[in-house]
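The block underneath contains the structure these notes are about, expressed in structure tokens.
The values are calculated or read from the model by the stated rules, or taken from the named source; none is laboratory data. Keep in mind it's a predicted model, so treat the numbers as computed, not measured. Glycine gets a Cβ as well: all are built from the backbone with ideal geometry, and neighbour counts include every protein chain shown.
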């Protein structure tokens, strides 16, 4: 009899009722929106047949149009006590945050944080939260930084590993407000770790990462739905596993390129102040207990002022060349115009180790710039002062060409890059994100054609880079390489070349974006040669003279 009683009053079979697990939902009453992230297959399996009602919390809602199967990303009209809501089933984690006051740029204010992903325990903690970014803080949807607190003042913190991201006491919540598809930054960070998967000291620090990863999540702040955010790791000493300092002896180093400056772009050198954690665009990040700018100052001085012979012979001891090669390729592949000096970290693992780059804030990529505007430029190269100097060294250019050829076999293919973008877009689309973003942000309109633009842009960008790398391969042969004599230099109308004796020589002048400006067969050279350059604009160029047994190179400055 007991079994019959239970069967008759089963809410599934009798009422067509579906019950949502506690903590697997969030409600925005002001927008009449409910988001549930309980696994849709589990719901459909556990509650078979027609579904006409759904229990969420203590409330019973009736579906305006009963269904036999719920679908992720689709909105369902439901009603309780005369009020209608739109119910969404999302595949994304849900973040519920409440704060004790208005969030500002600084300092962090106290809040409470709950994080629930499907089939994982609820994570709950006090937090300190503040806005992050510069210009982006003027947008209605703002990026934030959260820190997990053990007390109300943040005197002690605790660490969590959310969605298998690196365990830490703080994370970034990136708004992606300017990204039409909300996929650029996340895809770019994933691509960077495919191109450069391991730091050079991986054998010593197995857990060290070469960059950060992000995971999408639906955010509810103070009971209001705020759209999709990218929960991201932070670039810091712990994630990079940099050595701690020993008293006043600096070992590991970390500098954040936060603003445009001569130091961050390797284009200028101004005095520093060890009483400040800011210097010419950099923010001093590690070590935290002692500020010493001397090492970074000397590094920039080396790039700017060392003579060519010494620079070429010793730069590989100052920089992790593999990292510099991979970052140059990555920077130019995605054309991250905001990441040549700003939005980049410069790090060192240990004392006397080489410096290496770590990117961050990669929203202006794949044919758009930082404010979301499409920038349909494919035929240029991005440089800073360091890369301008490295570009002049044949060995570095040769490494670029070889590395590019290797990456083109698998990671850097048009098909792979498009698939990475498409996978992230489909994940958001299947979770109903784009529809919800449009509800929350009046100015937002889902533009799926943006992906077609990015596909076309990527194809043309890769074709251009193929042509540049082919040029580098052609010029960087195992032939004897020596310096070419040019005068005057700077030049304006005519350039005189003194190459000694060369057989079957070809002259090429390229600019620092890699574009060929002049190409001329000179045949056998026995005397000084005059080359007209009247039609070459002002700028800095690279002159290559290649013969049967030798390649001679020089930098040329043209001034009118």
Exercise for the section: Please state which of the following conditions residue 440 fails to meet, knowing it meets all the rest: (1) assigned by TED's automatic domain parsing to the domain that holds residue 501; (2) under 25 Å from residue 183 (Cβ atoms). Expected result: (1)
Problem - Complete set of residues in region 389-412 that are more than 19 Å from the chain's Cα centre (by Cα) and more than 30 Å from residue 556 (Cα to Cα) - result: 406, 408, 409, 410
Problem - Hey, residue 323 at pLDDT 95 or above, in the same structural domain as residue 301 (by TED's automatic domain parsing) and either buried (at least 19 other Cβ atoms within 10 Å of the Cβ) or within 20 Å of residue 184 (Cβ to Cβ) (or both) or not - result: yes
Fill in the blank from the handout: residue 60 fails exactly one of (1) closer than 17 Å to residue 225 by Cβ; (2) touching a residue at least 24 places away in the same chain (Cβ under 8 Å); (3) surrounded by 15 or more Cβ atoms within 10 Å (Cβ to Cβ), namely (1)
Completion exercise
Within region 274-292, residues under 22 Å from residue 249 (Cβ atoms), in contact with a strand residue (DSSP E or B) (Cβ under 7 Å, 6 or more places away or on another chain) and assigned to a loop (DSSP other than H, G, I, E, B) come out as 277, 291
Fill in the blank from the handout: Given the conditions (1) under 22 Å from residue 435 (Cα atoms); (2) modelled with pLDDT under 95; (3) in a loop (DSSP other than H, G, I, E, B), every one holds for residue 30 apart from (2)
Practice task
Sort through 415, 374 and tell me the only one that's surrounded by fewer than 23 Cβ atoms within 10 Å (Cβ to Cβ), in contact with a strand residue (DSSP E or B) (Cβ under 9 Å, 6 or more places away or on another chain), assigned by TED's automatic domain parsing to the domain that holds residue 302 and over 25 Å from residue 302 (Cα atoms).
Solution key: 374
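Only one of these is at pLDDT 95 or above, more than 28 Å from residue 304 (Cα to Cα) and either in a loop (DSSP other than H, G, I, E, B) or in contact with a helix residue (DSSP H, G or I) (Cβ under 7 Å, 6 or more places away or on another chain) (or both): 230, 217. Name it.
Numbers: 217 fails: either in a loop (DSSP other than H, G, I, E, B) or in contact with a helix residue (DSSP H, G or I) (Cβ under 7 Å, 6 or more places away or on another chain) (or both).
Matching residue, one of 230, 217: 230.
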Practice task
Using the structure shown, decide if residue 402 is modelled with pLDDT of 95 or more and buried (at least 16 other Cβ atoms within 10 Å of the Cβ).
Solution key: no
Exercise for the section: Give 116, 141, 51, 74 a once-over and let me know the one that is surrounded by 20 or more Cβ atoms within 10 Å (Cβ to Cβ) and either in contact (Cβ under 8 Å) with a residue 60 or more places away in the chain or under 30 Å from residue 369 (Cα atoms) (or both). Expected result: 116
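Going by the structure shown, is residue 285 at pLDDT 95 or above, outside the structural domain of residue 166 (by TED's automatic domain parsing) and surrounded by 21 or more Cβ atoms within 10 Å (Cβ to Cβ)?
no
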Practice task
Determine whether residue 194 is touching a residue at least 60 places away in the same chain (Cβ under 8 Å), closer than 21 Å to residue 423 by Cβ, in contact with a helix residue (DSSP H, G or I) (Cβ under 7 Å, 6 or more places away or on another chain) and outside any strand (DSSP E or B).
Solution key: no
Practice task
Report yes if residue 103 is closer than 27 Å to residue 361 by Cβ and either free of Cβ contacts under 8 Å to residues at least 12 places away in the same chain or in contact with a strand residue (DSSP E or B) (Cβ under 8 Å, 6 or more places away or on another chain) (or both), otherwise no.
Solution key: yes
Exercise for the section: Restrict the check to region 328-343 and report whether at least one residue is in contact with a strand residue (DSSP E or B) (Cβ under 7 Å, 6 or more places away or on another chain), at pLDDT 95 or above, surrounded by fewer than 23 Cβ atoms within 10 Å (Cβ to Cβ) and in a helix (DSSP H, G or I). Expected result: no
Exercise for the section: Answer yes or no: is there a residue in region 163-170 that is farther than 16 Å from residue 240 by Cα and either within 15 Å of the chain's Cα centre (by Cα) or assigned by TED's automatic domain parsing to the domain that holds residue 256 (or both). Expected result: no
Practice task
Only one of these is out of contact with any helix residue (DSSP H, G or I) (no Cβ under 6 Å at 6 or more places or on another chain) and within 30 Å of residue 20 (Cα to Cα): 172, 153. Name it.
Solution key: 172
Handout entry: Residues satisfying the stated conditions in region 253-271, i.e. assigned to a loop (DSSP other than H, G, I, E, B), touching a helix residue (DSSP H, G or I) at 6+ places or on another chain (Cβ under 8 Å) and surrounded by 20 or more Cβ atoms within 10 Å (Cβ to Cβ)
Key = 263, 265, 266
Practice task
State whether one or more residues within region 293-312 are at pLDDT 95 or above, within 28 Å of the chain's Cα centre (by Cα) and assigned to a loop (DSSP other than H, G, I, E, B).
Solution key: yes
Handout entry: Count of residues meeting criterion [under 30 Å from residue 225 (Cβ atoms), under 22 Å from the mean Cα position of the chain (by Cα) and either touching a residue at least 24 places away in the same chain (Cβ under 8 Å) or assigned to a loop (DSSP other than H, G, I, E, B) (or both)] in region 413-433
Key = 9
